[in-house]
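Below you'll find the structure, written out as structure tokens, and then a few comments.
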Amino acid sequence: MSNVTPFLWFDDDAEAAIRFYTDLIPGSEIIEIGRYPDEVPGMGGKVMHAEFRLAGSDYYAMDAGPQFPFTEAISLYVHCTTQDEVDRYWSALTSDGGVEQPCGWLKDRWGLSWQIVPDRLIELIRDPDPDRSHRAVEAMLGMKKIDIAALEAAVTGP
């Protein structure tokens, strides 16, 4: 049976990124890292092919140079059940040069985009009461890191 696996092209630091991600996210592991031979100019010892798992989902990665940098067109979406989870992922992924972006998005130090989203945000956006849903969306639009308590306060109103 065929399957589809995301393949991440890093400039030259795939191994550090993979180790960081698998240490951060429970249920993750490095399966294999293959390296370029020393005979490949400028690439000897770098990651030619790596397979790893994040929270049960498989990924591949490689070091291949700066020709194709990451963009927001692709992001990794992290489902969070608590504010503590949101805070932990947000803090780790924005550390050492990561960049906060609106609406729960961020770029990590390698330029890979992530969405750190509490399940409660989606529940509030899907609220059958259109006024509550609208207030949840409006509150989210004013946030970078999503704050569950602030969302709840916005939805319940004054």
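Coordinate-derived values only; no laboratory data. Small disclaimer: the values here were computed from a predicted structure and weren't measured. Every residue, glycine among them, receives a Cβ derived from its backbone with ideal geometry; neighbour counts consider all protein chains shown.
In square nanometres and to one decimal, what's the mean projected area of the convex hull around the Cα atoms of the range 70-158? Write out the running numbers ahead of the final one.
Details: hull surface 22.7 nm².
Approximately 5.7 nm², given one-decimal rounding.
Got the relative contact order for the range 1-68 handy, in percent, Cα pairs under 8 Å and 6 or more residues apart? Let's see the in-between values first.
On the way: 129 pairs, mean separation 27.5, N = 68.
Relative contact order here is 40 percent.
Could you tally the net charge around Arg53, taking each other residue with its Cβ under 12 Å from the Cβ of Arg53, Lys/Arg +1 and Asp/Glu -1? All intermediate terms of the calculation are to be shown ahead of the outcome.
On the way: positive: none; negative: Glu29, Glu32, Glu51, Asp58.
Combined, the nearby Lys, Arg, Asp and Glu give -4.
If I model the chain as equal point scatterers sitting on the Cα atoms and use the Debye formula, what is log10 I(q)/I(0) at q = 0.10, 0.20, 0.21 Å⁻¹?
-0.44, -1.23, -1.30
Straight-line reach from Lys46: which lysines fall under 26 Å, measuring Cα to Cα and dropping same-chain residues less than 8 apart?
Within the straight-line limit of under 26 Å, Lys46 reaches these lysines: Lys107.
May I ask you to work out the translational diffusion coefficient for the range 1-68 at 10 °C, viscosity 1.306 mPa s, via Stokes-Einstein with Rh from the Kirkwood sum over Cα pairs, reported in whole µm²/s?
On the way: Rh = 12.4 Å.
Rounded to a whole number, D works out at 128 µm²/s.
Return the long-range amide H neighbours of Arg109 (sequence gap of 5 or more, or a different chain), with a cut-off of under 5 Å between placed amide H atoms.
Amide H neighbours of Arg109: Gly98.
Among Ala149, Ala136, Trp110, which residue has its Cα furthest toward the positive end of the charge dipole of the range 70-158, with +1 on Lys/Arg Cβ and -1 on Asp/Glu Cβ?
So the residue furthest toward the plus end is Trp110.
Given Cβ point charges of +1 (Lys, Arg) and -1 (Asp, Glu) and nothing else, what value in debye, to the nearest 20, does the dipole of the range 70-158 about its Cα centre take? Before the final figure, lay out each step's value.
Numbers: 9 positive and 15 negative charges, 40 e Å.
It comes to approximately 200 debye.
Would you work out the relative contact order for the range 70-158, in percent, from Cα pairs under 8 angstrom that are 6 or more residues apart? Display every interim value, and only then the final one.
On the way: 147 pairs, mean separation 26.4, N = 89.
In percent, rounded to a whole number, it is 30.
Let's see if you can work this out: charge +1 on each Lys and Arg Cβ, -1 on each Asp and Glu Cβ, no other charges. What is the dipole magnitude of the chain about its Cα centre, in debye to the nearest 20? Numbers along the way, then the final one.
Values: 13 positive and 27 negative charges, 52 e Å.
Dipole of the chain, to the nearest 20 debye: 260 debye.
Please name which of His49, Tyr77, Ile18 has its Cα lying farthest along the dipole of the chain towards the positive end, using unit charges on Cβ (Lys, Arg +1; Asp, Glu -1) and the Cα centre as origin.
Tyr77
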